[in-house]
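Here the structure comes first, spelled out in structure tokens, and everything after it is commentary.
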Amino acid sequence: MISRRTALALGAATLAGLAAGDAVLPEIRQAGPRVTEHFAALRRRWREVTAVPYGIGAAARYRDTMSPARDRLWPDEPFPSHVRTPARLVTMARAHVLSGEPSLAEAVAAGIDHYRRHVYHRDADQAGNWWHWQIGMPKALLDAAALIGLRDEALAAAVDRFVPGRRLLVYSGNSTAANRVDLCTVMLLRSLLTDDHRKAELAASALAPVFRHVDEGDGFHRDGSFIQHTTIPYAGSYGIVLLSGLATLFAVLQGSIWQVDDPMVYEAVERTFAPFVHDGFVMDLVRGRAVDRNPFDDHRKGQELAGAILLLGRTAAPEQRERWRGMVKGWLTRSAVEPDARFRPLLDDDSVEALAEPVGHRLFPMSARAVHRRPGWCAALSMASRTIGHYEYGNGENLKGWHSGSGMLYWWADGHGTQYSDRTGMDPYRLPGTTVSTARLPDGAGGAWGDTRAEWRWVGGASDGVHATVGQHLSGLRSSLEAFKSWVFLDDAVICLGAGITCRDGVTVETIVDNRRAPGLVVGEGWAHIPGHGGYLASSLRSQESGGYVTLWLDHGIDPDNAGYVYALLPGASQARTRLTGWFTVLANTASQQGVHVPSHGLTAVNFWRPGTVGELSASAPCAVLLTARGLSVSDPLDEAEELIVTWRGRRFGFSRPGVETTTVPL
């Protein structure tokens with residue numbers, strides 16, 4: 001069995017030997033003639049784990065309409081058909097395992113042979129996206145082959161050409177995080193094709209780097225963030241691929257001589273993934289370019305994540321497994337989209353209690369994200385920073401996602417879980433919460449897979465686990481725009497501050513208070529209200545209703561110089577509650593400090609862009625400070641202070657290298 005410690009101890013030398021095919025670990029040497037038995041058991045486990053009874057309804061139709069020709073396997077899928085043709089073969093293979101119907105296995109074997117001869121062969125040119133050749137096609141073809149028990153030396157040769165062992169030697173480039181898990185899955189499936197114990201050992205041991213926290217770039221960060229493509233928070237897309245892949249590998253390899261698992265993966269379920277799920281859907285702010293694919297993909301991704309968590313539960317501790325089952329059941333019960341049939345046993349199991357939506361605040365400074373949950377509503381914040389991009393464009397997807405990192409504030413009132421599930425008609429220049437230059441941008445500004453990171457580093461905040469103060473020193477994408485934006489997250493509101501808004505693009509700058517698919521806007525003097533959603537407190541608020549959307553914004557004029565704003569978002573509030581004023585005091589709203597005091601909460605929050613004093617609070621260095629009944633919460637978003645002194649009502653609190661994560665001390 002390969003534990004995390006063993007895997008990490010293997011080191012590059014062992015991996016190099018395995019990749020070259022000239023090293024055999026002691027466990028394998030001891031196995032001797034039993035190797036064949038081990039692989040027979042692995043193939044059996046692969047079938048048990050992956051041949052699930054859903055998504056196979058079209059298998060018989062695929063079998064009956066398969067019509068091999070030089071340029072196709074099915075009439076409606078001309079070659080190369082990198083994705084759909086291999087996927088159909090997997091569907092038929094799974095149906096064969098579940099039904100025992102031999103004609104399905106025969107069709108799969110014929111299809112693999114035909115596709116391998118005409119598309120995926122060892123002499124083919126790797127044209128187009130590398131992913132198709134090294135992950136997509138080999139993973140699907142090998143999966144189908146494993147399910148029907150096919151041995152194919154020609155397919156093995158093709159996979160060895162495009163995914164040689166040395167592909168797993170270096171943990172960098174496109175062999176990290178989710179991609180590394182996929183490549184290891186391909187390597188394990190390749191080992192099943194010819195009972196290659198060296199490849200099986202390599203597949204298991206090459207997972208080791210995935211289980212380490214990283215300080216930058218791809219992978220899991222200490223605060224629970226998950227990054228892919230160096231600068232993009234991707235827990236809701238690539239992260240789900242990673243979790244699903246690891247759950248599958250852990251389950252298949254469990255009890256074998258190649259068994260591998262790691263506690264960090266189990267911890268990530270509730271530290272990294274669950275915080276970004278609300279009522280069964282995965283929030284867009286961690287789905288990267290995938291937000292531009294299909295309406296309601298956020299809910300489909302939620303079910304994909306739910307399936308991965310339940311599968312991971314097979315190898316988890318009993319108390320974790322039962323807690324996750326309750327959590328997933330709660331997601332599915334509250335979802336606005338009908339759950340897949342695969343979840344019916346869980347939903348029908350009366351012994352599992354559906355857990356309620358949690359409350360509290362989770363701040364992810366290393367991915368410039370925040371999630372705030374209160375009874376009846378939820379909000380989430382997306383920002384760009386020196387290390388996190390505004391957005392990602394690639395493969396023709398997310399062409400107009402330019403301003404997603406300009407302080408986009410998502411929020412869901414009770415019963416409105418599909419608010420962002422279909423963005424058709426939403427103005428990409430008017431994303432809720434953002435401050436933007438209205439200068440027109442080209443599709444895919446910044447280029448495919450381009451670097452869209454911001455100029456400034458002060459992005460983050462402080463939280464006591466219930467409330468939070470969050471800030472962003474904003475620089476616009478391909479714009480001269482600069483702004484200081486702060487959000488204070490409360491029990492029943494989000495107070496939003498803007499200062500130092502300056503731009504020289506020659507166009508109007510706007511702050512978008514909201515852009516919401518909702519009817520019935522009511523506007524008063526200094527306030528607005530949407531029945532069933534909530535209210536807004538803001539001066540000089542402009543509004544528009546068009547195409548089913550209500551848009552509320554603040555106009556800062558052309559080329560503003562040191563403009564600012566103050567407004568409050570009141571999710572779920574009645575019109576009467578919305579019209580109440582005077583319940584918070586702005587202590588500062590400048591390019592040096594921004595802060596508020598909320599007497600009813602006993603809360604004071606200040607973001608110090610520069611050292612200074614705000615009322616009875618002072619800080620010796622840039623920082624975020626939150627004072628509540630729970631204590632004094634502090635962070636250093638710049639991550640550069642050797643020492644920070646915070647003074648509150650004459651009391652001095654010292655912090656040595658506070659860092660980007662929050663430190664809370666009692667008052």
Restricting attention to the range 79-118, the residues that are aliphatic (A, V, I, L, M), crowded, with 17+ Cβ neighbours inside 10 Å and under 26 Å from Arg180 (Cβ atoms) number exactly 5
Condition first: under 28 Å from Trp46 (Cβ atoms) and in contact (Cβ under 8 Å) with a residue 60 or more places away in the chain. Now tell me which residues in the range 275-296 satisfy that. Ala290
Do you know which residues across the range 208-231 are more than 20 Å from His361 (Cβ to Cβ) and in a loop (DSSP other than H, G, I, E, B)? Arg212, His213, Val214, Asp215, Glu216, Gly217, Asp218, His229, Thr230, Thr231
Out of (1) assigned to a helix (DSSP H, G or I); (2) over 18 Å from Val277 (Cα atoms); (3) in contact (Cβ under 8 Å) with a residue 12 or more places away in the chain, the one Lys329 does not meet is (2)
Options Leu409, Leu441: the member that is hydrophobic (A, V, I, L, M, F, W, C), surrounded by 15 or more Cβ atoms within 10 Å (Cβ to Cβ) and in contact with a Lys or Arg (Cβ under 9 Å, 6 or more places away or on another chain): Leu441
If you go through Ser486, Ser475, Ser479, the only one that is of a type outside the set (A, V, I, L, M, F, W, C), under 20 Å from His601 (Cβ atoms), buried (at least 18 other Cβ atoms within 10 Å of the Cβ) and under 30 Å from the mean Cα position of the chain (by Cα) is Ser486
Subset of the range 529-546 [under 31 Å from the mean Cα position of the chain (by Cα) and either surrounded by 14 or more Cβ atoms within 10 Å (Cβ to Cβ) or not assigned by the TED database to the domain that holds Gly564 (or both)]: Ile530, His533, Gly534, Gly535, Tyr536
Could you go through the range 436-453 and let me know if any residue there is in a loop (DSSP other than H, G, I, E, B), hydroxyl-bearing (Ser, Thr, Tyr), touching a strand residue (DSSP E or B) at 6+ places or on another chain (Cβ under 9 Å) and over 18 Å from Val286 (Cβ atoms). yes
I want to confirm something. Restricting to the range 119-176 and keeping residues that are basic (Lys, Arg) and assigned to a loop (DSSP other than H, G, I, E, B), which single residue is surrounded by the most Cβ atoms within 10 Å (Cβ to Cβ)? Arg122
Subset of the range 531-571 (residues that are in a strand (DSSP E or B) and within 18 Å of Arg423 (Cβ to Cβ)): Gln544, Glu545, Ser546, Tyr549, Val550, Thr551, Leu552, Trp553
If you check every pair at least six apart or on different chains, which have Cβ atoms under 8 Å apart with a residue in the range 144-166 that is over 17 Å from Ala200 (Cα atoms) and in contact (Cβ under 8 Å) with a residue 60 or more places away in the chain first and a residue that is surrounded by 19 or more Cβ atoms within 10 Å (Cβ to Cβ) and among the hydroxyl-bearing types (Ser, Thr, Tyr) second? none
Elements of type strands (runs of 3 or more DSSP E) contained in the range 355-427, each with 1 or more residues being of a type in the set (Val, Ile, Thr), assigned by the TED database to the domain that holds Asp639 and closer than 18 Å to Ile232 by Cα: 369-374
Within the range 418-433, track down each residue that is of a type outside the set (A, V, I, L, M, F, W, C) and more than 18 Å from Leu554 (Cβ to Cβ). Thr418, Gln419, Tyr420, Ser421, Asp422, Arg423, Thr424, Gly425, Pro428
When you check Thr424 against the structure, is it surrounded by 18 or more Cβ atoms within 10 Å (Cβ to Cβ) and among the β-branched types (Val, Ile, Thr), yes or no? no
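The values are calculated or read from the model by the stated rules, or taken from the named source; none is laboratory data. No experiment lies behind these values; they were computed from the predicted model shown. Cβ coordinates were reconstructed from backbone atoms using ideal geometry, including for glycine residues, and neighbour counts include every protein chain displayed.
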